Structures are given as structure tokens and as C-alpha cells.
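> I'd like to ask you about the structure that follows.
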Amino acid sequence: MASKIRATVAQLVWLACALAALVLALGALLIALDANTSNELVALVLNAAAFVDVGVFSRSDGIKEFRGQGAEVKNALLNWGLGAVAWLVLGRVLDRIIRP
């Protein structure tokens, strides 16, 4: 019984981390495609991505900050891309720890 609960919790943790990575990747794609930020769905995705970047992978003050032409797109692609990879790695590590 306990192993089944641990397996379910591990799946939920992995799903949450994968969802966070998906939100960051989708946010970076929307920035790269210059999506209409006044659209409510686009704004929702960008706000969610800004929330799950935990400040470390922020596109305005993240790991690497580009300047000049195309800086906003480069910052989003690099920082949110790294954030997505970090969420996937964290999810896999936690899955391995929690799963029996």
C-alpha cells in the first residue's frame, strides 16, 4: 500500500515539474513569436512562466542578460529554456527519490 502511494506521489511530482517546464517553454516561444501580450491567454501563460521561473531564470534578471537588438527574445529563450531543463531534471531526481 505504501509503495503504491509513493509511486502516485512520484508521478504527481513529475507531472508538476513537467508542467512547469512546459509553461516556461511555451512562454519563451510566445516571446520569440512576438505574440500579442494584450491577449488574455498569452498574458496568462507569460504570467505563469514568470511565476515558475522562481526568479533565478527570470527573463529580465536571469542567468544571462543580453543587451541590444533582440535582447528580449534571447533572454526569454536562454533563461526560460534553462529553467525548463532545470524543472525537468528536478522532477526526474525527485521522482527517483520518492518512487519505491
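> Using the structure shown, decide if Ile63 is among the β-branched types (Val, Ile, Thr) and not in a helix (DSSP H, G or I).
For Ile63, the condition - among the β-branched types (Val, Ile, Thr) and not in a helix (DSSP H, G or I) - is met.
> Is it the case that Val85 is within 16 Å of Val13 (Cα to Cα) and touching a residue at least 24 places away in the same chain (Cβ under 8 Å)?
For Val85, the condition - within 16 Å of Val13 (Cα to Cα) and touching a residue at least 24 places away in the same chain (Cβ under 8 Å) - is met.
> I'd like the full set of residues that are free of Cβ contacts under 8 Å to residues at least 12 places away in the same chain and under 15 Å from Glu72 (Cα atoms), limited to region 15-33.
Answer for region 15-33, where residues must be free of Cβ contacts under 8 Å to residues at least 12 places away in the same chain and under 15 Å from Glu72 (Cα atoms): Leu29, Leu33.
> A further question follows. As an exercise: evaluate Ala50 against (1) in contact (Cβ under 8 Å) with a residue 40 or more places away in the chain; (2) over 26 Å from Ile98 (Cβ atoms) and give the number of the one condition it does not meet.
Every condition holds for Ala50 apart from (1).
> Yes or no: Asp53 charged (D, E, K, R) and closer than 18 Å to Ala86 by Cα?
yes
> For region 41-98, enumerate the residues that are modelled with pLDDT under 90, closer than 12 Å to Ala20 by Cβ and surrounded by 15 or more Cβ atoms within 10 Å (Cβ to Cβ).
Matches in region 41-98: Asp53, Phe57.
> Quick one: in region 1-39, of everything that is among the hydrophobic types (A, V, I, L, M, F, W, C) and part of a loop (DSSP other than H, G, I, E, B), which residue is most open to solvent (accessible area, probe 1.4 Å)?
Our first condition is that a residue be among the hydrophobic types (A, V, I, L, M, F, W, C); within region 1-39, this holds for 1-2, 5, 7, 9-10, 12-26, 28-33, 35.
Going one step further and asking which of them are part of a loop (DSSP other than H, G, I, E, B), we end up with 1, 33, 35.
Numbers: Met1: 170, Leu33: 121, Ala35: 28 Å².
Here the answer is Met1.
> Is it the case that region 7-14 has a residue that's closer than 20 Å to Glu72 by Cβ and aliphatic (A, V, I, L, M)?
Checked region 7-14: no residue is closer than 20 Å to Glu72 by Cβ and aliphatic (A, V, I, L, M).
The values are calculated or read from the model by the stated rules, or taken from the named source; none is laboratory data. If you're wondering where the values come from, they're calculated on a predicted model, not measured in any experiment. Neighbour counts run over all protein chains shown; Cβ positions are idealised from the backbone, glycine included. Heavy atoms of the whole protein, side chains included, go into the accessibility calculation; ligands, DNA and RNA do not. Shrake-Rupley method; radii C 1.70, N 1.55, O 1.52, S 1.80 Å.
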